Amino acid sequence: GESLDVLTRSMAGLDHKFVIILNKVDQLDSSVDFARAYGTLGWALSKVIPRKDIPQIYTMYNAGVEQENGVRQHKLPLEAFRQKREEVVQEVLRARTRHWDNVITATEDTLRQLEMVCTVSMAVRMRVRRQRNDVWFWSSSLLGIPSLVAGKFIYEKWPGNRWLHGGCLGAFGLLALGVTSFICEYMRQFEKFQVSDLDSYFEEAYSWFFIHVDAEDLRNRWATVRPRVSSILKAASASVSRLPEISSWEIQRIDECLEKDVWYLRLLAKLLRGLEANSRPGGDT
């Protein structure tokens, strides 16, 4: 419905900033109804949240609201649901202290996406550049060497025939123009095919992770990054091979930042949370 559409589009990538609540559980008659409602919500969330596991769902009800026909009698654990409501209230009150954690999480996610964009884009660039160099080398060899041999033979056989020499040069120029046009069109089609086959570059670049570890998070990140990589490659003015090169050491710097700097920032955020907790009324200081 509309709520799922907002969750999918408007709040994409901001799932760490909200909590999911299954409210009014006191209106359910039995544990079977509760399981059915909880399962339906989990199934709906699995369609819009790209995770292997669904996020935590707070099951609660509005304590203190009287029913029209008195208190409903059922076997559901209302006390546990009441505690969940208190947890939701505490999560809302912790919004300020979670601010830096959210900023660090967003920064980390951006860096991981940037690393993936650079890795896949440079893999496509190298493949197109290598193919272009190979095509031009072999076409120049196959066309140039026989042309030089034929030109030398014609010049030695008919040294004074200028019309023949001019005609041969004109024919060679037309042939070279045709071959050049064919190669340019071939490379355009080759680049389009590589851009449409980005998934294979992603699988190849991160094959180690798929073999040795659970890389489901990489696939979820790739689903977000893939349109951006495709847009970058398609926006290349002349050719993908002419994109600015990103060296491997620059990509490694991003990995180092993720391993060291982000970890250090999380320690600072933890320290700030402790200082704020101590500065509140009732704290140690």
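The values are calculated or read from the model by the stated rules, or taken from the named source; none is laboratory data. Just so you know, these numbers come straight off a predicted model, no measurement behind them. So basically every Cβ, Gly included, is an ideal-geometry build from the backbone, and we count neighbours across all protein chains shown. For the accessible areas, the whole protein counts, side chains as well, though only heavy atoms, and no ligand, DNA or RNA atoms are used. Shrake-Rupley method; radii C 1.70, N 1.55, O 1.52, S 1.80 Å.
Within region 176-196, residues that are among the small types (Gly, Ala, Ser) have Cβ atoms under 8 Å from residues that are part of a helix (DSSP H, G or I) in these pairs: 176/143, counting only partners at least 6 apart in sequence or on another chain. So, in region 25-41, of the ones that are surrounded by 15 or more Cβ atoms within 10 Å (Cβ to Cβ) and within 30 Å of residue 215 (Cβ to Cβ), which residue ends up modelled with the highest pLDDT? My answer is 38. The criterion of at least 1 residues that are in contact with a Leu (Cβ under 7 Å, 6 or more places away or on another chain) and of a type outside the set (Gly, Ala, Ser) is met by the following helices (runs of 4 or more DSSP H) wholly inside region 168-251: 207-212, 216-234. If the condition is being exposed (fewer than 12 other Cβ atoms within 10 Å of the Cβ) and modelled with pLDDT under 75, then region 67-91 contributes 67, 68, 69, 70, 71, 73, 75, 79. Evaluated against (1) under 22 Å from residue 126 (Cα atoms); (2) at pLDDT below 85; (3) open to solvent by 70 Å² or more (accessible area, probe 1.4 Å), residue 212 falls short on exactly one condition, (1). Being part of a helix (DSSP H, G or I) and modelled with pLDDT under 80 is true of residue 152. Restricting attention to region 8-24, the residues being modelled with pLDDT of 60 or more and either among the β-branched types (Val, Ile, Thr) or farther than 15 Å from residue 84 by Cβ (or both) number 5.
Does any residue of region 218-227 turn out to be touching a Cys at 6+ places or on another chain (Cβ under 8 Å) and open to solvent by 50 Å² or more (accessible area, probe 1.4 Å)? No, region 218-227 contains no residue that is touching a Cys at 6+ places or on another chain (Cβ under 8 Å) and open to solvent by 50 Å² or more (accessible area, probe 1.4 Å).
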